[in-house]
Amino acid sequence: MPLGERGGWDKSESRYCGVETDFNDDMPNLLSFNLSTAGFDFLLATLMDPTYRPSLMGSDSNGAHVLPFAGSDLVLSPSQWSSHVVGKISSWIDLDSEDEILRMDSETTLKQEIAWATHLSLQACLLPSPKGASCANYARCVNQILQGLNSMQLWLRIPLEKTDDDSVDSDQTIDSWELWNSFRHLCEHHSQLSVALNVLSSLPSANSLGRWFGEPVRAALINTDSFLTNARGYPCLSRRHQKLITGFFNHSIQIVISGKSVHSLPGASSDSAANHTGNNVDNAQRPPLRPYLDYVAYLYQRMDPLPEQERFEHGYRDFLQSPLQPLMDNLEAQTYETFEKDSVKYIQYQRAISKALLDRVPDEEASSLTTVLMVVGAGRGPLVRASLQAAEETGRKLKVYAVEKNPNAVVTLHSLVKLESWENIVTIVSCDMRHWEAPEKADILVSELLGSFGDNELSPECLDGAQRFLKQDGISIPSSYTSFIQPVTASKLYNDVKSHKDLVHFETAYVVKLHSVAKLAPSQPVFTFTHPNFSRKKSNQRYKKLRFEIPSDTGSAIVHGFAGYFDAILYKDVHLGIEPSTATPNMFSWFAIFFPLRTPVCIRPGSSIEVHFWRCCGSSKVWYEWCVASPCPSPIHNSNGRSYWVGL
């Protein structure tokens, strides 16, 4: 049965907990005991008798023999095989052995077992961990299998270990991530190859663990000897292990209990293993691994429910979207509605406008002086409403021009003005702000033209065109904004881009709700724009060189691309943004932006990565170019905006 439901709605894969079993040719009884009696959701079951070796098998006159699988396909129903069994490939296989017979036996057996698992329609198979640092032949064989595989996933078992002692000789250091990275590269980053982490009793540093959340980890195998014993004699985990397991739950990684019971439980109690959840099974009849399952269920059930914002964003996690082209395209009603639901954003705008009005108009002139405020890019009117609410809050008089180029949104604006009886306050202008000839100058210019990267929806170009009708001492809201980037491991995003099999998609920036990513270094500022900008030599072209230092205890890492954010100062101390360290809480109008790399870059422990970013401007478009200069140079991406640009 599932571990639980967070807030009654979470349906992620991590709700299901499995158990690793030894070879048993009575699959129905094995399944019944571990699922019905013990309460697990699936088996990690050995498919073939571990004593089998092809080279030792005799054959009849036709050269045929029956392979020693754990029962025929008929002993379970197709749905039981598919939903409740993950195949475990024989652990003895060693495709990189110096022993040719063992090597050949291993290759034959691997292919036979994968063929059998495919026949059973299993959703996944667990591959044994490579026996040594050299795994080229193993990877070659797996890569061959992957080329002809249907939808089945192959989980490569990798121990979660890394030597953290700097005093250890480099020849003796262990970092299992490097084993995975080598294997993954040999298999061409295949999307059906993923990781099953073997969690040990000691854990590497937090930075080292963080790398794995950007990798395609599907399962975490926790051996019973990794559990501690609490005061009542029941199994429990260290605080670091608990935090790691919670991270696994949040990333849809399934937990699998492995090994024999190593806890002698009190016989008189009918409590659960962790003494947190009740059950109806007497201890005398309790399956030996049930206490470990109960403890994992306890960890799952005590997690906080996802906040409303996370629930809203859940379906967008790691889903690549093309950025908006607000000047070239007119937004649809559904897009407007989504943005308008973000009350936090408009509260911040209202705060900024209120402060600007108080600075602009002294109290003694509040009843006589009317402030001219222009909302450029008014959409369906949320900033108009925020402006009028700010005026009411501060007791200031306001005259509003709502400038909007989308004729469909203008229809809604007229309806709103009539409904709210704003006819004497609000003038609607159906025009592109860059071409409008304003009848008077504005005291305050308000806009919401920011994109995920700050300037990527052409806010600088639009506001440069609009500031001609702002008074010399006028106020722009926002007054400035800065873009940020940071290097990330993002295996899923990389594979999604790679699946298009063309250059264009690797040279496109995507809006994405980042989730299964590892952020390898703190973000750094890239481009800053300030408004109004009355400089005669102003240019919106930008260039920035950045160097990111990867913490030494992280170990080696792979960079699939760069996550981009922005932070904006609306007015004085009122800010708005999505940069992780200063992000505005509970705001969902913007996801991050992702700049992919055509070839992922490997970073050695304690080393740095040098990155170059350009913002380029042409007569009809604006585009970004980016590249890595070290530790190994990459091509300059999106040269001349050949793949991705924003139209003027």
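List of remarks:
- Total residues in segment 33-57 satisfying the condition of being in contact (Cβ under 8 Å) with a residue 40 or more places away in the chain and either among the aliphatic types (A, V, I, L, M) or not in a loop (DSSP other than H, G, I, E, B) (or both): the figure is 14.
- Every condition in (1) open to solvent by 30 Å² or more (accessible area, probe 1.4 Å); (2) among the aromatic types (F, W, Y); (3) closer than 17 Å to S634 by Cα holds for F588 except the one numbered (3).
- Yes/no for F339 being out of contact with any strand residue (DSSP E or B) (no Cβ under 9 Å at 6 or more places or on another chain), hydrophobic (A, V, I, L, M, F, W, C) and surrounded by fewer than 21 Cβ atoms within 10 Å (Cβ to Cβ): yes
- Taking the criterion of being more than 18 Å from R240 (Cβ to Cβ) and open to solvent by less than 10 Å² (accessible area, probe 1.4 Å), the residues of segment 191-205 that qualify are L193, S194, V195, A196.
- Residue match in segment 75-95 (condition: touching a residue at least 12 places away in the same chain (Cβ under 8 Å), over 36 Å from the mean Cα position of the chain (by Cα) and assigned to a helix (DSSP H, G or I)): yes
- Test: residue in segment 522-545 that is in contact with a helix residue (DSSP H, G or I) (Cβ under 8 Å, 6 or more places away or on another chain), surrounded by fewer than 23 Cβ atoms within 10 Å (Cβ to Cβ) and under 28 Å from F248 (Cα atoms): no
- Failed item, numbered, when H185 is tested on (1) in contact (Cβ under 8 Å) with a residue 24 or more places away in the chain; (2) within 24 Å of A490 (Cβ to Cβ): (1)
- Residue pairs meeting the criteria (Cβ under 7 Å; at least 6 apart or on separate chains; first not assigned by TED's automatic domain parsing to the domain that holds S106 and of a type in the set (K, R), in segment 130-145; second part of a helix (DSSP H, G or I) and surrounded by 19 or more Cβ atoms within 10 Å (Cβ to Cβ)): none
- There is at least one residue in segment 162-179 that is surrounded by 21 or more Cβ atoms within 10 Å (Cβ to Cβ), touching a residue at least 24 places away in the same chain (Cβ under 8 Å) and over 21 Å from K492 (Cβ atoms).
- Candidates S208, S226, S201, S238 - the one that is farther than 19 Å from Q153 by Cβ and either touching a Gly at 6+ places or on another chain (Cβ under 6 Å) or in the same structural domain as A518 (by TED's automatic domain parsing) (or both): S208
- When residues of segment 376-414 are limited to those that are in contact with a Gly (Cβ under 9 Å, 6 or more places away or on another chain) and open to solvent by 10 Å² or more (accessible area, probe 1.4 Å), the one nearest to A333 (Cα to Cα): T412
- For segment 241-248, the criterion of a residue being open to solvent by 50 Å² or more (accessible area, probe 1.4 Å) and modelled with pLDDT under 90 is satisfied by no position.
- Among the residues of segment 632-648, those identified as surrounded by 14 or more Cβ atoms within 10 Å (Cβ to Cβ) and assigned to a loop (DSSP other than H, G, I, E, B) are S634, P635, I636, N638, S643, Y644, W645, L648.
- If the condition is being among the basic types (K, R) and closer than 25 Å to F548 by Cα, then segment 591-648 contributes R598, R604, R615.
- Selection count where residues are crowded, with 24+ Cβ neighbours inside 10 Å and under 28 Å from F595 (Cβ atoms), scope segment 464-490: 9
- Those residues of segment 394-427 which are of a type in the set (A, V, I, L, M) and not in a helix (DSSP H, G or I), in sequence order: L398, V400, A402, V403, I425, V426
- Residues in segment 432-449 that are modelled with pLDDT of 95 or more, within 27 Å of G564 (Cα to Cα) and either in contact with a Phe, Trp or Tyr (Cβ under 9 Å, 6 or more places away or on another chain) or open to solvent by 30 Å² or more (accessible area, probe 1.4 Å) (or both): L445, V446.
- Qualifying residue in segment 611-618 (condition: in a strand (DSSP E or B) and open to solvent by 30 Å² or more (accessible area, probe 1.4 Å)): yes
- Every pair of residues 6+ apart whose Cβ atoms lie under 6 Å, when the first sits in segment 206-234 and is open to solvent by 50 Å² or more (accessible area, probe 1.4 Å) while the second is aliphatic (A, V, I, L, M): D225/V262
- Any hit, segment 497-518, residues being surrounded by 17 or more Cβ atoms within 10 Å (Cβ to Cβ) and of a type in the set (D, E): yes
The values are calculated or read from the model by the stated rules, or taken from the named source; none is laboratory data. Quantities reported herein were computed from a predicted structural model and do not represent experimental measurements. Because the Cβ atoms are built from the backbone with ideal geometry, glycine has one as well, and the counts that use them run over all protein chains shown. Side chains are part of the model used for accessible areas, which takes the heavy atoms of the whole protein and leaves out ligands, DNA and RNA. Shrake-Rupley method; radii C 1.70, N 1.55, O 1.52, S 1.80 Å.
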